1. Could you tell me how many of the residues in region 11-31 are surrounded by 14 or more Cβ atoms within 10 Å (Cβ to Cβ) and part of a loop (DSSP other than H, G, I, E, B)?
2. Looking for whichever is among the hydrophobic types (A, V, I, L, M, F, W, C) and in contact with a His (Cβ under 7 Å, 6 or more places away or on another chain) here; the options are Leu43, Leu78, Leu73, Leu4. Which one fits?
3. Those residues that are open to solvent by less than 40 Å² (accessible area, probe 1.4 Å), out of contact with any Pro (no Cβ under 9 Å at 6 or more places or on another chain) and not in a strand (DSSP E or B), I need them from region 1-10; list them, please.
4. Give the residue, chosen from Ala72, Ala80, Ala55, that is touching a residue at least 24 places away in the same chain (Cβ under 8 Å) and surrounded by 15 or more Cβ atoms within 10 Å (Cβ to Cβ).
5. Please list, ordered by residue number, the helices (runs of 4 or more DSSP H) wholly in region 50-92 having 1 or more residues that are in contact with a Leu (Cβ under 6 Å, 6 or more places away or on another chain) and modelled with pLDDT under 90.
6. Does Leu44 satisfy the criteria of being open to solvent by less than 90 Å² (accessible area, probe 1.4 Å), under 16 Å from the mean Cα position of the chain (by Cα), modelled with pLDDT of 95 or more and aliphatic (A, V, I, L, M)?
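The values are calculated or read from the model by the stated rules, or taken from the named source; none is laboratory data. If you're wondering where the values come from, they're calculated on a predicted model, not measured in any experiment. With ideal geometry, Cβ positions are generated from the backbone for all residues, glycine too; neighbour counts draw on all protein chains shown. Just the protein is used for accessible areas: all its heavy atoms, side chains included, with ligands, DNA and RNA removed. Shrake-Rupley method; radii C 1.70, N 1.55, O 1.52, S 1.80 Å.
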Amino acid sequence: MYILECSDGSYYTGSTKNIDKRLAEHQNGEGANHTKKRLPVKLLYYEQYDRIDTAFYREKQVQGWSRAKKEALMRGDLEALPGLSMAYRDKY
């Protein structure tokens with residue numbers, strides 16, 4: 001599972017068996033439609049898994065996260081993650 005930063009500042013979350021190959025594909029415009037239109041991209045974060053289905057599950061989990069929660073993950077602030085999962089209305 002990996003997170004890229006696109007040229008417009010947006011994040012793209014994906015999964016792959018070969019991060020180097022997939023990053024090269026993104027940079028060459030052969031990746032997802034989101035990244036094709038926002039080149040160049042920069043790898044910000046990745047996690048390694050033994051099984052691609054586990055990585056794909058994690059990708060889908062992280063895709064649903066807010067930008068703030070993704071940024072907490074990338075900086076290693078794991079204690080902040082539960083609080084960033086709360087709905088806005090539940091924070092007060």
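1. Final tally of qualifying residues: 3.
2. Matching residue, one of Leu43, Leu78, Leu73, Leu4: Leu4.
3. Initial filter on region 1-10 (open to solvent by less than 40 Å² (accessible area, probe 1.4 Å)): 1-4, 6, 9-10.
Going one step further and asking which of them are out of contact with any Pro (no Cβ under 9 Å at 6 or more places or on another chain), we end up with 1-4, 9-10.
Hits for region 1-10 are Met1, Gly9, Ser10.
4. Of Ala72, Ala80, Ala55, the one residue that is touching a residue at least 24 places away in the same chain (Cβ under 8 Å) and surrounded by 15 or more Cβ atoms within 10 Å (Cβ to Cβ) is Ala55.
5. Where helices (runs of 4 or more DSSP H) fall fully within region 50-92, none carries at least 1 residues being in contact with a Leu (Cβ under 6 Å, 6 or more places away or on another chain) and modelled with pLDDT under 90.
6. Taking the combined requirement at face value, the residue satisfies it.
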